[in-house]
1. Taking the chain as a Gaussian network, where each spring joins two C-alpha atoms under 10 Å apart, which residue of Tyr42, Tyr26, Tyr174 fluctuates the most?
2. For the chain, what is the accessible area per residue in Å², given a 1.4 Å probe and the full set of protein chains?
3. Tabulate in residue order the Karplus-calculated ³J(HN,Hα) for region 14-20, using 6.51 cos²θ - 1.76 cosθ + 1.60 with θ = phi - 60°, rounded to whole Hz; enter x for Gly and Pro.
4. Hey, if you drop one equal point scatterer on each alpha-carbon of region 71-198 and run the Debye formula without solvent, what base-10 log of I(q)/I(0) do you get at q = 0.12 Å⁻¹?
5. Would you mind computing, in nm to one decimal, how far apart the modelled labels at Glu74 and Thr89 are, each placed 7 Å from Cα along Cα→Cβ?
6. Taking the chain as a Gaussian network, where each spring joins two C-alpha atoms under 10 Å apart, which residue of Leu34, Leu170, Leu142 fluctuates the most?
7. By how many nm would the segment from Asp55 to Glu104 lengthen if fully extended, with 0.36 nm per residue of separation less the alpha-carbon distance?
8. Of the peptides 99-108, 75-84, how do they stack up when ordered by the mean number of other Cβ atoms within 10 Å, highest first?
Amino acid sequence: FRDNGNMVSFSTPRSTTGDGLTIRGYRVEDAQALCEATISSYQHLSRFMPWATTDQSVTETKTLISSFELNYDEGTDFVLGIWRTDDSTLLGGCGFHLREGPLEGACAEIGMWITAEHAGQGLGKRALAQMLRWGFTDWHWLRLAWRCNSENVASIRCARANGFMQEGILRGQYNPVDGSRRNTGCFAILREEWSPPS
């Protein structure tokens, strides 16, 4: 890809650790933890996360993780887990998603969820700060976006606390899961706007 007009080769990083968190790609052996975390957090997630389910087996989760790994290797999507630094507890999930173009475009949208058990403790803000630091140093991103339901006050607060600028609102979007309509807040931060925490 090109960075400021110069051709740059790039290998996708696999993990980062900081501020008590490890963010890394899922492994098949994580299936039990991921299955339990998503099912136990259904009520917490379902309002804003259309993929939330109460009906997913460990076997299905292993298949899902295998698809995550394949996409990661192919450079088409980067799904990550948020863990305690010692890898003992899955705290949530996140990722760099290529919803604004291919990898060489150096733009990604960050997605994130925190388990019900660990919500309301500032983990989202910390994990997003870690994703920005990682994304603008070890990764090649020039632009990172954040989109969320306009009613998701915690998500909006998290974005603003990490320096994202609101670029607009997509009004009346359709949710295929339940047929509802939502307004989506669109936020982004550019590499040159980001500064590492002091």
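The values are calculated or read from the model by the stated rules, or taken from the named source; none is laboratory data. Treat the numbers as computed from the prediction; the structure is a model and nothing was measured. Neighbour counts are summed over all protein chains in view; Cβ atoms, including those assigned to glycine, are modelled from backbone coordinates with ideal geometry. Note: areas computed on protein heavy atoms with side chains; ligands, DNA, RNA excluded. Shrake-Rupley method; radii C 1.70, N 1.55, O 1.52, S 1.80 Å.
1. Of the options given, Tyr174 has the highest mean-square fluctuation.
2. Heavy-atom accessible area per residue stands at 52 Å².
3. Once rounded to whole Hz, the list reads 10, 7, 8, 10, x, 6, x.
4. One equal scatterer on each Cα of region 71-198 leads to -0.47.
5. Each label point is offset 7 Å from its Cα along the Cβ direction, giving 3.6 nm.
6. Most flexible of the set in this elastic network: Leu170.
7. 14.0 nm
8. By packing density, highest mean first, the sequence is 75-84, 99-108.
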